[in-house]
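**Q** I have a structure here, written as structure tokens, and I will follow up with some questions on it.
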Amino acid sequence: MNRIGFVSIIVAVTWPGLLFAEEAPTPAETSWQALTENVRRLYDAGEYVEAAKAAEEAVDVSRTAFGEEHTRTSTALNNLAEVCGAQGRFKEAESLHLRALMINEKLLGEFHPAVATDAFNLGALYLQEKKYALAEPMLRRALVTLQIHDGPRDVSEVPVLGLLGDAVAGQHREKDAEQLYRQALAIVADVEGEEHPVAAELFSSLAAVAEAQGHIDDAELHLRQAITIATRTLGPDHEMTEAFVHDLATFYEAHGMPARAEPLREREALLREARERSP
């Protein structure tokens, strides 16, 4: 049930941007930029084998043209780490993320936003591996740095709060996780309005921690809120809406309410059939 993703707000791959001066690019910079854009395109398309090849080439170009300790090299390492993580090559991804983090710390300082991104990416990797105790300090570090630069309650903090809530919930600290999810939800409501797909994901996460604490009525309410928001913002046949419908049906079945689950299973089957028929 607890499926915060947040790529809708922040993509966990670090792409080049404001770190570099607005000057005419050299041939090496042009080559690196083209490779980096190709990595992103392949990554977004789920073509991870080809993305890894392009990412490795971008690392080689960066090291040769700019040196090991350069922000382009740290970006290339970070991007390769993300591709490795998507392929399940977690040890390689961890090593690459740590190297990128060390480079940016040395070049930019401990509390630079790029370092926060590195810490976020590493925390997200640990979370993917269910290494919750390792994920938590990285995500807290990212949160502190973002709060220093953007102030409290900035939308940039929502993905970090969501994943931090997941890390804390994974350590069976449900009350702490609930507080983090609610903090993220308040920011989303202030910035985007109460009905936003990310709010739906947060309500789903709140349902998970409520259920873990035995608060069954609250869990049901939050799942229904997730379905309502997803239906209104994404449509009744969107895959996220279908996922929440599935979660609520599973919830009812787990708590001995098959009569409530049955119409949801029927709705889920209809959605699945419609998607399979679509070109």
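**Q** Could you list, in sequence order, the residues of the stretch 83-121 that are more than 28 Å from ALA28 (Cβ to Cβ), of a type outside the set (Gly, Ala, Ser) and either crowded, with 18+ Cβ neighbours inside 10 Å or at pLDDT 95 or above (or both)? Give the steps one after another, and end with the answer.
**A** First, pick out the residues of the stretch 83-121 that are more than 28 Å from ALA28 (Cβ to Cβ): 88, 90-91, 94, 110-111, 119-120.
Next cut, of a type outside the set (Gly, Ala, Ser) only: 90-91, 94, 110-111, 120.
Answer for the stretch 83-121, where residues must be more than 28 Å from ALA28 (Cβ to Cβ), of a type outside the set (Gly, Ala, Ser) and either crowded, with 18+ Cβ neighbours inside 10 Å or at pLDDT 95 or above (or both): PHE90, LYS91, GLU94, PHE120.
**Q** Also, I was wondering about something else. Read through the list (1) part of a loop (DSSP other than H, G, I, E, B); (2) in contact with a helix residue (DSSP H, G or I) (Cβ under 9 Å, 6 or more places away or on another chain); (3) over 30 Å from GLY193 (Cα atoms), then give the number of the only condition that GLU262 fails.
**A** (1)
**Q** When you scan the stretch 33-55, do you find a residue that is buried (at least 21 other Cβ atoms within 10 Å of the Cβ), under 23 Å from the mean Cα position of the chain (by Cα) and among the aromatic types (Phe, Trp, Tyr), even just one?
**A** yes
**Q** Let me ask something else. Pick out, from the stretch 134-232, the helices (runs of 4 or more DSSP H) lying fully within it that include 2 or more residues that are surrounded by fewer than 19 Cβ atoms within 10 Å (Cβ to Cβ) and over 18 Å from the mean Cα position of the chain (by Cα).
**A** Values: elements: 158-169, 174-192, 197-212.
In the stretch 134-232, the matching helices (runs of 4 or more DSSP H) lie at 174-192.
**Q** Closer than 30 Å to ASP150 by Cα, at pLDDT 95 or above and within 20 Å of the chain's Cα centre (by Cα): does that describe LEU80?
**A** Yes; evaluated as a whole, the condition is true for this residue.
**Q** Just to be sure before I move on: is GLU23 of a type outside the set (S, T, N, Q), out of contact with any Cys (no Cβ under 6 Å at 6 or more places or on another chain), modelled with pLDDT of 50 or more and not in a helix (DSSP H, G or I) in the structure I sent? Step through it out loud before you land on a result.
**A** Numbers: of a type outside the set (S, T, N, Q): yes; out of contact with any Cys (no Cβ under 6 Å at 6 or more places or on another chain): yes; modelled with pLDDT of 50 or more: yes; not in a helix (DSSP H, G or I): yes.
When the stated conditions are applied, GLU23 passes them.
**Q** For GLU105, are the conditions met, namely being of a type in the set (Asp, Glu), outside any helix (DSSP H, G or I) and more than 21 Å from GLU56 (Cβ to Cβ)? Lay out the reasoning, then the answer.
**A** Working: of a type in the set (Asp, Glu): yes; outside any helix (DSSP H, G or I): no; more than 21 Å from GLU56 (Cβ to Cβ): yes.
Here the answer is no, as GLU105 does not meet what is asked.
Residue by residue, here is whether (1) touching a Pro at 6+ places or on another chain (Cβ under 7 Å); (2) within 21 Å of ASN79 (Cα to Cα); (3) of a type in the set (A, V, I, L, M, F, W, C) holds:
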| site | (1), (2), (3) |
| --- | --- |
| VAL115 | no, yes, yes |
| ASP118 | no, yes, no |
| LEU127 | no, yes, yes |
| ARG140 | no, no, no |
| HIS149 | yes, no, no |
| VAL155 | no, no, yes |
| LEU163 | no, yes, yes |
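**Q** Exactly one condition in (1) under 16 Å from the mean Cα position of the chain (by Cα); (2) assigned to a loop (DSSP other than H, G, I, E, B) is false for GLU69; which is it?
**A** Only one criterion is unmet by GLU69, namely (1).
**Q** Residues of the stretch 114-133 being of a type outside the set (A, V, I, L, M, F, W, C) and outside any loop (DSSP other than H, G, I, E, B), which ones?
**A** Filtering the stretch 114-133 down to residues of a type outside the set (A, V, I, L, M, F, W, C) leaves 117-118, 121, 123, 126, 128-132.
Scanning the stretch 114-133 gives THR117, ASP118, ASN121, GLY123, TYR126, GLN128, TYR132.
**Q** Scan the stretch 186-233 residue by residue and report those that are of a type in the set (Val, Ile, Thr) and under 22 Å from PRO152 (Cα atoms). Lay out the reasoning, then the answer.
**A** Just the residues of the stretch 186-233 that are of a type in the set (Val, Ile, Thr), to begin with: 187-188, 191, 198, 209, 216, 227-229, 231, 233.
Answer for the stretch 186-233, where residues must be of a type in the set (Val, Ile, Thr) and under 22 Å from PRO152 (Cα atoms): ILE187, VAL188, VAL191, VAL198.
The values are calculated or read from the model by the stated rules, or taken from the named source; none is laboratory data. Keep in mind it's a predicted model, so treat the numbers as computed, not measured. Reconstructed Cβ throughout: ideal geometry from the backbone, glycine too, with neighbour counts over all protein chains shown.
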